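Asker: Attaching a single structure in structure tokens format; questions to follow.
The values are calculated or read from the model by the stated rules, or taken from the named source; none is laboratory data. These numbers come from a predicted model, not from an experiment. Here the Cβ positions follow ideal geometry from the backbone for every residue, glycine too, while neighbour counts run over all protein chains shown. Accessible surface areas use protein heavy atoms only, side chains included; no ligands, DNA or RNA. Shrake-Rupley method; radii C 1.70, N 1.55, O 1.52, S 1.80 Å.
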Amino acid sequence: MTLKKVKELLQAEVVCGESQLDEEVTFAGGSDLMSDVLAFGKPGILLLTGLTNRQSVRTAEIIEAKALVYVRGKKPDKEGIELAKKIGIPVLSTHYMMYTSCGFLFKNGLPGVSLLREKEDEK
Amino acid sequence: MKNKENVLSQHYEINGGDFSNAGNISTQIKETLKELGIRSSLIRRAAIAAYEAEMNVVMYAHQGQFQFSLTPSTIHFTVKDLGIGIEDIELAMQEGYSTATEELREMGFGAGMGLPNIKRNSDQFQISSTPGKGTFLDIFFYLNQREK
């Protein structure tokens with residue numbers, strides 16, 4: 001799924017990374033707990049979060065997330081946006097809440113990172 | 001370069017409570033390892049462990065020192081802090097156990113996953129602590145080992 005499609009499905013605003021919307025994401029995960037993200041995140045993940053501080057962007061950078069979606073109409077703080085621009089990670093903001101946002105993406109074929117893990121474990 | 005065996009050695013200072021700079025060390029180390037052509041899965045594990053260790057110092061200690069060294073066979077981090085220390089290490093190593101304040105939790109940390117995450121991502125991990133004084137972490141990654 002392209003980030004453009006994610007933007008459409010979530011009626012999201014692009015906070016930064018407008019030029020990268022043609023990039024594809026193949027799985028997603030959502031959490032407000034950065035330690036959980038560090039534990040379950042995989043490179044290329046589309047990360048949905050409601051946490052808006054700089055650490056949310058930093059965590060995305062560490063796990064090599066493809067893009068960030070802030071739910072409940074939130075946006076990262078100024079420091080966070082600066083960091084996202086610097087590291088080149090696209091940031092979207094949707095007014096939908098976490099559950100609804102994940103539901104829309106899942107329903108439209110974007111699997112969760114946990115499903116990806118289960119598949120790998122089966123191998 | 002500190003001695004013959006070390007390819008590289010870096011020392012960093014961490015200030016407790018400095019959330020703005022938290023993560024800088026980890027990303028610097030990550031960049032360095034990338035430039036040296038270390039395989040990406042190992043870099044990621046090392047970066048996650050470094051970041052969790054860095055955050056722990058920022059959250060719980062007054063001050064800390066982060067030593068990163070690279071030899072032909074290992075990535076080695078030592079993290080030493082002056083802080084509250086850990087009363088019960090066994091308990092602190094359990095996933096979900098945390099002494100974090102509400103304020104820290106609101107920042108998205110303090111889920112009780114930090115130390116277990118460091119252990120899970122490293123190849124060798126040792127922790128020692130003196131309550132009221134500080135904590136010492138010794139973390140190794142082996143360059144020539146198959147991925148776990």
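Asker: Given the DSSP H assignment, sum -39500 (n - 2.57) over each helix run of at least 4 residues in the protein assembly as shown and divide by its residue total; what's the result at 222 nm in deg cm²/dmol, nearest 500?
Answerer: Counting only the DSSP helices, I get -11000 deg cm²/dmol.
Asker: Additional query: If I model a spin label as a point 7 Å beyond the Cα along the Cα-Cβ vector, how far apart are those points for residue B:15 and residue A:19 in nm?
Answerer: Modelled inter-label distance: 3.5 nm.
Asker: Taking the Cβ of residue A:39 as the center, what net charge do the other residues with Cβ under 9 Å away carry, scoring Lys and Arg +1 and Asp and Glu -1?
Answerer: -1
Asker: Moving to a separate point now. Provide A:86, B:133 ordered by accessible surface of protein heavy atoms (probe 1.4 Å), highest first.
Answerer: Ranked from most to least accessible, the order is A:86, B:133.
Asker: Enter the accessible area of residue B:102 (Å², nearest 10), with the probe set to 1.4 Å and all protein chains included.
Answerer: 120
Asker: When the Debye formula is applied to the Cα atoms of the range B:8-142, each taken as the same point scatterer, what base-10 log of I(q)/I(0) results at q = 0.12, 0.13, 0.21 Å⁻¹?
Answerer: At q = 0.12, 0.13, 0.21 Å⁻¹ the computed log10 ratios are -0.42, -0.49, -1.32.
Asker: Also, I was wondering about something else. Please list the non-local residues whose amide H lies under 5 Å from the amide H of residue B:111, H modeled 1.01 Å from N, same-chain partners needing a gap of 5 or more.
Answerer: A:35
Asker: Between residue A:26 and residue B:39, how many nm apart are label points set 7 Å from Cα along the C-beta direction?
Answerer: A separation of 1.9 nm, rounded to one decimal place.
Asker: Which of the pairs A:7/B:119; A:75/B:133; A:4/A:86; A:107/B:119; A:7/A:42; A:85/B:133 have their Cα atoms more than 32 Å apart in this structure?
Answerer: A:7/B:119; A:75/B:133; A:107/B:119; A:85/B:133
Asker: Does a label point 7 Å from the Cα of residue B:95, set along Cα-to-beta-carbon, have any residues of the range A:31-55 with amide nitrogen under 19 Å, and which are they?
Answerer: The answer is A:31-43, whose backbone nitrogens lie closer than 19 Å to the label point.
Asker: If the chain between residue A:107 and residue A:5 were fully stretched, how many nm would it gain, using 0.36 nm times the residue separation less the Cα-Cα distance?
Answerer: The span from residue A:107 to residue A:5 would gain 35.4 nm if fully extended.
Asker: Which net charge results when you count Lys and Arg as +1 and Asp and Glu as -1 among the other residues whose beta-carbon is under 13 Å from that of residue A:12?
Answerer: Its environment carries a net charge of +3.
Asker: Moving on to the next point. Hey, rough spin-label estimate for residue B:87 and residue A:86, points 7 angstrom out along Cα→Cβ, what's it come to in nanometres?
Answerer: Taking the simple label geometry, residue B:87 and residue A:86 are separated by 3.8 nm.
Asker: Sticking with this one: Filter chain B for me: DSSP H helices, axial length by Cα at least 15 angstrom, mean Kyte-Doolittle hydropathy not below -1.0. List them by residue number.
Answerer: Span-like helices, by this rule, are B:24-35, B:40-60.
Asker: Counting only protein chains, not ligands or nucleic acids, how are B:142, A:70 ordered by accessible area (probe 1.4 Å), most first?
Answerer: Output order, biggest surface exposure first: B:142, A:70.
Asker: To continue, here is another question. Could you put B:41, B:128 in order of accessible surface area, largest first, with the 1.4 Å probe and the full protein assembly present?
Answerer: Output order, biggest surface exposure first: B:128, B:41.
Asker: Let me ask something else about it. For residue B:63, list long-range residues whose amide hydrogen, built 1.01 Å from N in the peptide plane, is under 5 Å from its own amide hydrogen.
Answerer: Close amide H contacts, sequence-distant or interchain: B:16, B:82.
Asker: Using amide H atoms built 1.01 Å from N in the peptide plane, name the residues 5+ places from residue A:92, or on other chains, whose amide H lies under 5 Å from its own.
Answerer: Under 5 Å from the amide H of residue A:92: A:15, A:68, A:69, A:70.
Asker: Share of antiparallel DSSP beta bridges in chain A, in percent to the nearest 5?
Answerer: Counting only bridges with both partners in chain A, antiparallel ones make up about 25 percent.
Asker: Related question: Excluding residue B:131 itself, what net charge comes from residues whose Cβ is under 15 Å from its Cβ, given Lys and Arg +1 and Asp and Glu -1?
Answerer: -3
Asker: If you take the Cα atoms of the range A:21-123, find Rg, then find the Kirkwood Rh from the mean of 1/r over all pairs, what is Rg/Rh?
Answerer: Value, to two decimals: 0.95.
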